[in-house]
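A quick write-up on the structure given underneath.
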Amino acid sequence: MKQRTYRLFLLLFLSWAQRSDADGERPTCGRCDQEFLCNCAYDGFTRVPVVTDRALTFDLSFNSITEVTDDDLTGHRKLKVLSLHGNSLAVIHPSAFDSLWSLENLDLSDNNLTALNHEWFNKLGALQQLNLLNNPYSRLGSPPVFQSLVRLRRLAFGGPALLEIKRGDLSGVTELEELTLHANNLERYESGALADVWPLGHVTLSLYGPFLTNPALASAVLADVSYPNTPIVLQDAHLIGKESVQPIKVSAKKRIRSATLRNITISDQAFMEAMWIMNGQPITYFSMEDVTLTSEGRWELPSATNVSALDEVFVRNPVILDLMKFVKYSEFFLLLRYPRKISAINAKVFVINRFSTLLLGNLQYLDLTDNHLSDLALEETLWYGCSPMKDLRVLNISGNFLRSLSTLSQMVTKLSKLTHLDVSRNGYSSMPQSCSWPHTLRYLNISGAKLITITGCLPTTLEVLDLSYNGLNNFSLFLPVLRELYLSGNKFVNLPDGRLFPNLQTLIIQSNTMNMFGPSDLQSYSRLQSLQAGQNKFVCSCDFVSFLQSAFKDAGEVQITDREESYVCDSPLYLQGRPVGGVSLSVVECHQVLFVSVSCGVALCVALLVSILLWHLHVFWYLKMTWAWLKAKRSSRRRCQKDKMDTEALLSFDAFVSYSERDASWVENYLVPELEQPGENGEDSSNPRGPRPLTLCLHKRDFLPGHWIMDNIMSAIERSRRTIFVLSENFVQSDWCRYELDFSHFWLFDGNAGDETAILILLEPLSRDNIPKRFYKLHKLMRSTTYLEWPQEEERVLEFWKSLRRALRVEEEDDD
């Protein structure tokens, strides 16, 4: 019982887990750019992920999505492009695309869709391009799947599994610009199945099996899509023998003008038969791409073959099996006497002999890109400068093994109608000082070489010059009619001088080593309209960043036409890798001179204001006085240590008198006689209890000559018991009196004196408001100390002297 219950519970749990996994939340894809292009390819999604409903392009190619449900794309009404290419898609719900009203391009190729459903496309009225290639469906289905796609212009369908195409399968498709059909294994085709599509712009057919085993079926398909103005591309076929090319007769009868063989294996016999079929037909363009030629090269072309309407032959990447067995080419080259344009790209051409060249007298365009031509072979091909190709206007011999520009110029100088010459991707490493070119030459391409200098070899008739991807670092040649100059991939540090190109309109100089450019560099270009200079090593200075950002926003006379993202800072280091358009530099970085000037000016103003404030507060004076006191104090201590005397031994004066020189008469005539010679002023000096004479220190009399005056002041204050300040208007105007007053202040707070060291005498009425604020000690003393005033009345003079003596504590000292 318990075991059954356990199994039942386990079964329910697994069922719930599977349902949860199936109904789980859809994954998200956040790779959407500013243009609402959501690139979710190669992300391993098994379900359609969630993206913004504003997406315009939704790329889900190369994932592992197996199913698209009704809800997966709901809300994407603005979506225009949807790609589900390369998934494992096997199921699409009937209404999966119903909300995609604006969809224009749908790619369902390379999936596992075994059947097509018309309901998928019922609501896709705006669809213009549909790709259903390489799915395993064998028929298109009924009712017609394209019935509602009235705006469809490009349709690709078919694959290895397609076996049948019936009339009405393309019902609803009225005209196409491009039709691609892969039907290599097609077995049944109803004539007229593709005939209703008209006009038909371009057709690509893969009919390997029908051409090989059922030529009638291949003929029926070709008959329905062959029109004079419809280019036909036939690919993936094996044409061996005359019978294999018989279906082409149908197209020839329809007088097609353009035919391309792509990825075809064809024998010389089949090729000649095809040319015979085209005999007298108005075919003007014939192309062979990735074609393999077999057999022995026996080009037995009937003499009556006429393909004179053939105007252009294009051959690219041909492969010739058993080349050494090919006995001759002359008949083949007889076909080339008609075209005016011949391209043989990567055809392993190493020379064109003189006989073949004689047949090219009408040639106007010759493209021999990516072959094996050398300088010697070029001389042979162009008849050592006497080529019969007198009408040649365009010559492209890029990607060969040419080395000498001198030889090249000699070979083409007599091509009097040559206007375009492309010799890019050759081995030119130097340029002669002078060359001879056709006077008609207007376009010259020498890009991808190894040139390091430019000389007068370049023709002055050029209108377009391409020197990209060389090793150039300078350009000093005058080209008066040049309109376009391409210099990308070189080593230019600066823009070339625009005065060399008075008619230049386009300059492309990307991927060099330029650091910056600006308006001054562009002013020399009088007619420049377009500039591309991205992918350089830009130094993001303020001027460059400002110029470039303004150029991006406001297109001036010169427009920067490449992408803003290609302009990236290389230095300074902290900006490396950042787009120039997003850089924001500070005022300090952009205006250093102005910033330094303003900063210095502000600092000077602040310093001036602070100096004025300090001067107003007398800070400088205080600092000066403090320094002087400290210096004098140090000298005093040295004297004390030298004399080894205590403080009492140093007190040799009763009082130090501080006064203004202008008040010297009062001090000398009144103060000194009264205190030092009390008997001379009428007092009884013989009285043993009378006032004893005092010893005063006066700077005129007692300062030691030859000593620093600060040392004298400090020494006098230290050696005096008291300091008498004779206050007057003259006193507060004297710097030395200030020193003496503040030295006394320092001495008071130095701990070597009492609290009543200073004695103030007012010679004249002196208001505290009239005393400068720097005399803060004097203000304090006048507020806290009783001062003596010199009396104006004679009868109060005696009392004044008694008060002064009491202040000097003479009596107390005598008792001691």
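How much of the accessible area of segment 49-143, in percent, comes from carbon and sulfur atoms when a 1.4 Å probe is used? Using a 1.4 Å probe with all protein chains present, segment 49-143 comes out at 47 percent carbon and sulfur. In terms of the mean number of neighbouring beta-carbon atoms within 10 Å, the peptides 137-143, 787-793 order highest first as 137-143, 787-793. Once backbone amide H atoms are built at 1.01 Å from N, residue 695 has 654, 655 as its partners under 5 Å, excluding neighbours fewer than 5 places away on the same chain.
In µm²/s, what is D for segment 36-137 at 25 °C and 0.890 mPa s, where D = kT/(6 pi eta Rh) by Stokes-Einstein and Rh is the Kirkwood radius from Cα pairs? For these conditions, the coefficient is 185 µm²/s. Shape class for segment 513-558, computed from the alpha carbon gyration tensor (a ≥ b ≥ c): prolate, with a/c not under 1.5 and a/b above b/c.
Size of segment 395-465: Rg and Dmax of its alpha carbons, in Å, are 10.9, 30. Taking 19 Å as the limit for the C-alpha separation, the pairs 166/249; 242/341; 624/700; 491/537; 341/417; 78/553 exceed it in the case of 166/249; 242/341; 624/700; 78/553.
So which chymotrypsin sites (Phe, Trp or Tyr not before Pro) in segment 431-537 are both in a DSSP loop and have at most 13 other Cβ atoms within 10 Å of their Cβ? Walk me through the numbers before you get to the answer.
Values: sites: 443, 469, 475, 478, 486, 492, 517, 525; in loops: 469, 475, 478, 492, 517, 525.
Counting only loop positions with at most 13 other Cβ atoms within 10 Å, the chymotrypsin sites (Phe, Trp or Tyr not before Pro) in segment 431-537 are 478.
For segment 379-512, a Kirkwood radius taken over Cα pairs fed into Stokes-Einstein (4 °C, viscosity 1.567 mPa s) yields D = 87 µm²/s. Under a Cβ-Cβ cut-off of 10 Å, what is the net charge of the residues other than residue 440 that fall near it, where Lys and Arg count +1 and Asp and Glu count -1? Neighbour charge sum, excluding residue 440 itself: +3. For segment 472-600, the square roots a ≥ b ≥ c of the C-alpha gyration tensor eigenvalues yield an a/c of 1.5 or more together with a/b exceeding b/c, which makes the shape prolate. For segment 472-570, the set of GluC sites (Glu not before Pro) satisfying both a DSSP loop assignment and a count of at most 12 other C-beta atoms within 10 Å is given as 557.
Report the calculated FRET efficiency for residue 429 and residue 88 (r = Cβ-Cβ distance, R0 = 51 Å), to the nearest 0.05.
Working: r = 54 Å, r/R0 = 1.05.
With a Förster radius of 51 Å, E is 0.45.
Tell me, rounded to the nearest percent, the portion of alpha carbon pairs in segment 149-259 spaced more than 25 Å apart. Write out the running numbers ahead of the final one.
Numbers: 769 of 6105 pairs.
I get 13 percent for the Cα pairs in segment 149-259 exceeding 25 Å.
The values are calculated or read from the model by the stated rules, or taken from the named source; none is laboratory data. For clarity, every value in this text was computed on a predicted model and none was experimentally measured. Cβ sites come from the backbone with ideal geometry, for glycine too, and all protein chains shown count toward neighbours. These accessible areas exclude ligands, DNA and RNA; they are computed on the full protein's heavy atoms, side chains included. Shrake-Rupley method; radii C 1.70, N 1.55, O 1.52, S 1.80 Å.
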